[in-house]
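Asks: My questions will all concern the structure given below.
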Amino acid sequence: MTHTTDTTAAVRSLLAPARLGPLHLPNHLVMAPLTRNRAAADGTATPLMATYYAQRATAGLIIAEASTPNAVGQTYPNITAIHTPSHVAGWRRVTDAVRAAGGGPMFLQLQHGGRVGHPATSGLTPVSPSPVPLPETIFTPDGHRPAVVPREMTVDDIRATVADFTTAARNAVAAGFQGVEVHSANGHLLHQFLAGNTNRRTDEYGGSVAGRIRFVREVVEAVAAAIGPERVGVRISPRNTVNGVDETDSDTLHPALVEALGGLGPAYLHLVYADPADPLFGRIRAAWPGTLIANPVLPELSAEAIGAESARLLAAGADLIALGRPFLANPDLVRRLALGGPLNPVRDRYLMYTGGATGYTDYPALDDQPSSASMVALDGPRVV
């Protein structure tokens, strides 16, 4: 594969060492959190997962996949969790494996599904800011089933959930993670509080922008107080309508949220589907005082696309670049970019969620395959 001069320069900048607060990162590449349904039924990380993350240990920072802070927050079958001693022990095997492979820092994403859940999976009625059901079916151990009406959270429920996030963060540190990422994106519970169509409350947690961002601020504040703000990141996805959320006022909502969170001093803000051409990107960058991790939308899976999109984001003020599927399909992505080698294509999307090694730990490294170049257009919506 032949790089252009601009692409080569962009890739070189990605491979240079970086800092994240007190942490030294070997490069500017972040492995984005990717739910892959490989946990045990009770949410414990498995030995197969330890192999998967160890294979990708050369990422500058690994943000491990979404883990629920309590039982009612579970979204789908075989999703990881971090609220029991078994969960801590399972994740400890993963972080130990990454360290043994020479890996850098790891953060664990904390995700509560809110209305994105089902009694057939968790045994519990899901909760949400308001009793507005998910407008689509949801996958359960029994296959796709209609979503149920979530139970509206009381103020006591909200306080208990904040406490659960705090305990989960402490558990993550005990499991060997350097920090946690609070997931406030992609239509899950914290995002449901932000969006007007899922948050119809009239109390202090609803209505105005200040009310709708309150729960997110309280979670981040409590987690930062528990483990230190330098160990806390936050993920947001402005304008993202996945899982049926509709913010309607993103241009007002997210700058206010970012300003409120910035005062708490978290280690980073992780912006999903980042587009420097969107004026909101510039407003968020201006409002955020710390490290900004940008997750680009790639038009194709190639070193050229990664270099070009990363260059745009870094020039617009991003500090680190998060990639999802490129790391999924290429366990040695950093080496491939350094050598200008071809990239593996992502296989059948179905394999990403089926369990087992196929489509998970069996992607070949650069030395295990022919040297012919591979540039594959990614299918599906907004691939990261």
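Asks: From the set of residues in region 23-61 that are of a type in the set (Ser, Thr, Tyr) and not in a helix (DSSP H, G or I), which is farthest from Pro331 (Cα to Cα)?
Replies: Top of the filtered list is Thr44.
Asks: If Asn243 satisfies every condition in (1) touching a Ser or Thr at 6+ places or on another chain (Cβ under 8 Å); (2) surrounded by 20 or more Cβ atoms within 10 Å (Cβ to Cβ) but one, which is the exception?
Replies: So the condition that Asn243 fails would be (1).
Asks: Let me ask another. Quick check on region 124-135. Is at least one of its residues closer than 28 Å to Ile63 by Cα and in contact with a strand residue (DSSP E or B) (Cβ under 6 Å, 6 or more places away or on another chain)?
Replies: The answer is yes, given that some residue of region 124-135 is closer than 28 Å to Ile63 by Cα and in contact with a strand residue (DSSP E or B) (Cβ under 6 Å, 6 or more places away or on another chain).
Asks: In addition: Can you tell me which of Thr80, Thr44, Thr8, Thr35 is hydroxyl-bearing (Ser, Thr, Tyr), at pLDDT below 95 and closer than 30 Å to Ala120 by Cβ?
Replies: Numbers: Thr80 fails: at pLDDT below 95; Thr44 fails: at pLDDT below 95; Thr8 fails: closer than 30 Å to Ala120 by Cβ.
None of the others qualify; the one that does is Thr35.
Asks: Also, I was wondering about something else. Consider region 74-98. How many of its residues are on the phi < 0 side of the Ramachandran plot and in a loop (DSSP other than H, G, I, E, B)?
Replies: 9
Asks: A follow-up question, please. Could you grab the pairs with beta carbons closer than 7 Å, sequence gap of 6+ or different chains, first residue in region 8-22 and closer than 17 Å to Arg335 by Cβ, second one open to solvent by 40 Å² or more (accessible area, probe 1.4 Å) and part of a strand (DSSP E or B)?
Replies: Close Cβ pairs (under 7 Å, with a partner that is open to solvent by 40 Å² or more (accessible area, probe 1.4 Å) and part of a strand (DSSP E or B)) amount to Pro17/His24.
Asks: Here's something else I'd like to know. If the Cβ limit is 7 Å and pairs must be 6+ apart or interchain, which residue in region 276-287 that is modelled with pLDDT of 95 or more pairs with which residue that is hydrophobic (A, V, I, L, M, F, W, C) and outside any loop (DSSP other than H, G, I, E, B)?
Replies: Pro276/Leu313; Phe281/Ala274; Ile284/Val258; Ile284/Leu271; Arg285/Leu292; Ala287/Val258
Asks: Restricting attention to region 64-73, which residues are open to solvent by 10 Å² or more (accessible area, probe 1.4 Å) and assigned to a loop (DSSP other than H, G, I, E, B)?
Replies: Restricting attention to region 64-73, the residues satisfying the condition of being open to solvent by 10 Å² or more (accessible area, probe 1.4 Å) are 70-72.
If the condition is that a residue be open to solvent by 10 Å² or more (accessible area, probe 1.4 Å) and assigned to a loop (DSSP other than H, G, I, E, B), then Asn70 is the only one that fits.
Asks: Taking the condition of being part of a helix (DSSP H, G or I) and either among the charged types (D, E, K, R) or open to solvent by 50 Å² or more (accessible area, probe 1.4 Å) (or both), how many residues in region 190-239 meet it?
Replies: At the first step, the residues of region 190-239 found to be part of a helix (DSSP H, G or I) are 190-194, 209-212, 214-227, 229-231.
Filter once more, keeping what is either among the charged types (D, E, K, R) or open to solvent by 50 Å² or more (accessible area, probe 1.4 Å) (or both): 210, 212, 214, 217-218, 221, 225, 230-231.
Total satisfying the criteria: 9.
Asks: Also: Got a number for residues in region 149-175 being within 12 Å of Gly114 (Cβ to Cβ) and either β-branched (Val, Ile, Thr) or open to solvent by 70 Å² or more (accessible area, probe 1.4 Å) (or both)?
Replies: 4
Asks: With the requirement that a residue be over 28 Å from Ala163 (Cβ atoms) and of a type outside the set (Ser, Thr, Tyr), what does region 35-80 give you?
Replies: Of everything in region 35-80, those that are over 28 Å from Ala163 (Cβ atoms) and of a type outside the set (Ser, Thr, Tyr) turn out to be Arg36, Arg38, Pro47, Leu48, Ala50, Ala54, Gln55, Arg56, Ala57, Ala59, Gly60.
Asks: Take region 11-35 and flag every residue that is of a type in the set (A, V, I, L, M, F, W, C) and over 29 Å from Gly359 (Cα atoms).
Replies: Ala16, Ala18, Leu20, Leu23
Asks: Select from region 36-58 the residues that are more than 15 Å from Thr358 (Cα to Cα) and in contact (Cβ under 8 Å) with a residue 60 or more places away in the chain and write down the one among them that is least open to solvent (accessible area, probe 1.4 Å).
Replies: Residue satisfying both the conditions and the ranking: Arg56.
Asks: Considering every residue within region 169-189, establish whether at least one is under 15 Å from Pro131 (Cβ atoms), in a helix (DSSP H, G or I) and touching a residue at least 12 places away in the same chain (Cβ under 8 Å).
Replies: Checked region 169-189: at least one residue is under 15 Å from Pro131 (Cβ atoms), in a helix (DSSP H, G or I) and touching a residue at least 12 places away in the same chain (Cβ under 8 Å).
Asks: Would you pick out the residues in region 99-142 that are part of a strand (DSSP E or B) and free of Cβ contacts under 8 Å to residues at least 24 places away in the same chain?
Replies: Across region 99-142, the qualifying residue is only Thr137.
Asks: Would you mind telling me which numbered condition in (1) open to solvent by 30 Å² or more (accessible area, probe 1.4 Å); (2) more than 19 Å from Ala172 (Cα to Cα) Pro85 fails?
Replies: (2)
Asks: What pairs come out if I take residues in region 260-272 that are in contact (Cβ under 8 Å) with a residue 12 or more places away in the chain and under 23 Å from Asn240 (Cα atoms) and pair them with residues that are open to solvent by less than 10 Å² (accessible area, probe 1.4 Å) and of a type in the set (D, E, K, R) whose C-beta lies under 7 Å away, six or more apart or interchain?
Replies: His270/Glu181
Asks: Here's a check for you: in region 305-354, which residue that is touching a strand residue (DSSP E or B) at 6+ places or on another chain (Cβ under 7 Å) and acidic (Asp, Glu) is nearest to Leu271 (Cα to Cα)?
Replies: Per the stated criteria, the residue is Asp319.
Asks: Separate question: I need a count of the residues in region 246-258 that are modelled with pLDDT under 95, surrounded by fewer than 16 Cβ atoms within 10 Å (Cβ to Cβ) and in contact with a helix residue (DSSP H, G or I) (Cβ under 9 Å, 6 or more places away or on another chain).
Replies: Qualifying residue count for the region: 0.
Asks: Hey, among the residues in region 284-318 that are more than 20 Å from the chain's Cα centre (by Cα) and under 27 Å from Ala225 (Cα atoms), which one's least open to solvent (accessible area, probe 1.4 Å)?
Replies: Of everything passing the filter in region 284-318, Ala287 is least open to solvent (accessible area, probe 1.4 Å).
Asks: Considering only residues that are part of a loop (DSSP other than H, G, I, E, B) and more than 22 Å from Ala225 (Cα to Cα), look in region 262-283 and name the one that is nearest to the chain's Cα centre (by Cα). Before the answer, list the steps.
Replies: Of all residues in region 262-283, those part of a loop (DSSP other than H, G, I, E, B) come to 263-267, 275-278.
From what's left, more than 22 Å from Ala225 (Cα to Cα): 275-278.
Details: Asp275: 17, Pro276: 20, Ala277: 22, Asp278: 21 Å.
Taking the candidates together, the pick is Asp275.
The values are calculated or read from the model by the stated rules, or taken from the named source; none is laboratory data. Only a predicted model underlies this, so the values are computations on that prediction, with no experimental measurement involved. Glycine gets a Cβ as well: all are built from the backbone with ideal geometry, and neighbour counts include every protein chain shown. Ligands, DNA and RNA are stripped out before the accessible areas are found, and what is left, the full protein with its side chains, is counted by its heavy atoms. Shrake-Rupley method; radii C 1.70, N 1.55, O 1.52, S 1.80 Å.
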